[in-house]
Amino acid sequence: MAEETLFQQINNIAHRANPYPLYTELRKTPVLREPDGSYIVSKYRFITDLLHDPRLSSDIRTRDPEDRKARAAAASEFPVSFIRTDPPEHDRLRRMITRQFGPPHTPNLVDNMKNELAQIVNDLLDGLHTQQRTRIDIVDDFAYPFPVTVICRLLGVPSEDEVRFHAWANKIASSLDPQPQDSEENQELTTQQAVSEIGHYMKDLIVLHKQQPGEDMLSRLISDTSPDGQLSIMELISTAVTLLIAGHETTVNLQTNGMLTLLRNPEVLLRLRNEPELIVPLVEETLRFEPPVQFNSQRTAGRDIHIGGETIPKGAPVYLMLAAGNRDPERFDDPERFIPDRTDNQHLGFGNGIHYCFGAPLARLEVQTALNTLARRLINPRLVTDPPPYRPNAVLRGPRHLLIDIDGIKQ
Ligand code: HEM
C-alpha cells in the first residue's frame with residue numbers, strides 16, 4: 001500500500017489527538033500538491049492572503065461536477081448555504097442575515113444575552129451538584145447542551161427537538177471531512193438524507209413561525225424587509241440550518257479544548273480562578289492553540305493562482321490549514337506554547353476575510369462564560385484519561401468525551 005501523505009495522516013483518526021507535529025512537517029512545503037490534484041496551504045501568510053483573494057471560491061458549484069461535494073450540492077433539493085457562496089450572492093445574503101444578529105441594526109443582541117448565558121451554565125452545574133456527581137463528562141453533561149440551548153432559543157427552535165436534529169447535524173458536520181469517518185451513531189444515514197430531513201424540518205418550523213411570529217431570529221428573518229429585499233423560503237431554510245449547526249458544533253469543541261488545556265496546565269486554571277478577567281485573552285489563545293475548525297475544506301481555485309512559488313491551477317480544491325497557520329513561527333512567538341495572556345494574537349480560529357465567522361461575538365461570550373464558571377465552581381477537577389477519545393471529524397476537531405473527576409461543585 002502506498003505510504004500516506006502528510007495530509008492523509010492528518011485526516012487519519014490515529015493522529016486526531018495530536019496532529020500538531022504533522023502541521024510542523026507540512027509547513028516545510030507551505031503550498032503542497034496532493035496526488036489527487038488538491039493543494040494544502042499551511043503558512044499563516046499564504047492562508048491569510050488566500051482568505052482575502054477573490055480568485056479563491058467558496059462555491060462548491062465551481063468544482064468539477066464529478067467531485068463528491070459538487071455532486072452532493074447538485075443533488076440537493078435545497079440551495080447551498082451562504083457560507084458556500086461567493087460575492088455578490090454571499091454579500092447580499094450576509095448583509096440580510098447580519099441585520100438580525102448584530103450592529104448596526106441589532107447592536108445589543110449578544111451583549112443582552114450575558115445574564116441568560118450565565119443562568120444556563122449555572123443551571124447545568126446545579127443539576128450535576130444535585131446529583132452529587134464526582135465524575136462528569138464535560139462534553140455530554142455541559143459543553144454540548146449549553147450552546148444547543150442557546151442557539152435554539154436565539155433562533156426559535158424548540159430545544160426538545162435536539163433528539164431529532166442531533167444525528168442530522170452530526171452527519172452534515174462530518175461531511176466536511178475530506179475522508180469522512182462516521183461515528184457509530186450516524187452510519188445508517190446518508191449526507192443527502194440528513195440535508196433533506198433537516199431542510200424539511202426547518203421548512204415546517206418556518207411555516208409555523210410565519211403563522212405565529214415570536215421575538216426570535218427566525219421570525220425576524222422571515223418578516224424583515226431590508227434594502228436587499230426579503231429572503232426567499234429556500235434561502236431561509238438554508239440559512240436557519242447553517243446557523244443551527246454552525247451555532248453549536250464548533251462551540252462544543254472550543255469549550256472542551258479549553259477545559260482540556262486548562263487541566264493540562266493546572267497553574268493556568270488556578271490563575272484563572274483568581275483573575276477571571278484573564279478569560280478574554282485565554283479564549284483567544286485557545287482559538288489559536290486548539291482551534292475547533294482545523295482547516296477550511298471547501299475552497300476551489302477560480303483561476304490559476306501563483307503563491308509560494310507554486311501555481312494552483314483553476315478548478316483545484318484548496319485546503320487552508322488554519323490550525324497550522326496558528327502555530328507558524330514566522331507569525332507567532334513561541335507558537336507551540338499555550339500563553340494565556342498572549343497579546344499579539346491575530347489567530348485564524350474564526351477564519352478571516354469575507355467569510356469571517358458570523359457567530360464569533362456569541363461564541364466568545366459563551367465560551368468565556370462557560371470556562372470561567374467551570375473554573376470557579378468545580379472543586380479539584382482532574383482528567384480521567386489523557387488524551388481523551390476524539391470525534392472522528394478532522395475538520396471540526398474535538399474530544400468525543402472529556403471525563404473528569406471532581407471533589408464537588410460549589411454553589
Ligand atoms: C467557537 C465557535 C466557533 C468557531 C471556532 C467558528 C469558526 C468559524 C470559521 C473558521 C468560519 C470561516 C469558514 C470559512 O472561511 O469558510 C466560520 C464561519 C461562520 N460561522 Fe462560525 N464558528 C464558531 C461559532 C459560530 C456560531 C456560534 C455561529 C452562529 C451563531 C457561527 C456561524 C458562522 C457562519 C454563519 C459562518 C459563515 C460566514 C460567511 O460565510 O460569511 N459560528 N466560523
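Data overview
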{"read-out": "Of Gln119, Gln346, Gln212, the one that fluctuates the most in a GNM where the chain has Cα springs shorter than 10 Å", "value": "Gln212"}
{"read-out": "Cα-centred dipole magnitude for the chain, charges only on beta-carbon of K, R (+1) and D, E (-1), debye, nearest 20", "value": "420 debye"}
{"read-out": "Where only C-alpha atoms are counted, convex hull volume of the stretch 272-411 per residue in Å³", "value": "140 Å³"}
{"read-out": "Helix-derived mean residue ellipticity, 222 nm - over the chain, DSSP H n ≥ 4, -39500 (n - 2.57), to 500", "value": "-14000 deg cm²/dmol"}
{"read-out": "Probe 1.4 Å, protein heavy atoms only - accessible area per residue of the chain in square angstrom", "value": "44 Å²"}
{"read-out": "The chain - percent of accessible surface contributed by carbon and sulfur, probe 1.4 Å", "value": "51 percent"}
{"read-out": "Ellipsoid semi-axes in whole angstrom, largest first, where each is sqrt(5λ) of the Cα gyration tensor of the stretch 49-156", "value": "38, 21, 12"}
{"read-out": "Beta bridge orientation in the chain: antiparallel %, DSSP, nearest 5", "value": "90 percent"}
{"read-out": "Out-of-range pairs (alpha-carbon distance over 24 Å; input Lys69/Lys171; Lys28/Lys69; Lys69/Lys314; Lys114/Lys410; Lys171/Lys314)", "value": "Lys28/Lys69; Lys171/Lys314"}
{"read-out": "Mean projected area (nm²) of the alpha-carbon convex hull when the stretch 6-409 is viewed from all directions", "value": "19.1 nm²"}
{"read-out": "Area of Arg61 that stays accessible when all protein chains are in place (1.4 Å probe, Å², to 10)", "value": "130 Å²"}
{"read-out": "Relative contact order, percent, the stretch 6-409 [alpha-carbon distance under 8 Å, six or more residues apart]", "value": "27 percent"}
{"read-out": "Most fluctuating residue given options Thr239, Thr256, Thr385, as computed from a GNM of the chain linking Cα atoms under 10 Å", "value": "Thr385"}
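The values are calculated or read from the model by the stated rules, or taken from the named source; none is laboratory data. Computed from a predicted structure; not experimentally measured. All Cβ positions, even for glycine, are placed from backbone atoms using ideal geometry, and neighbour counts span all protein chains on display. Note: accessible area is taken over every heavy atom of the protein model, side chains too, but ligands, DNA and RNA are not part of it. Shrake-Rupley method; radii C 1.70, N 1.55, O 1.52, S 1.80 Å.
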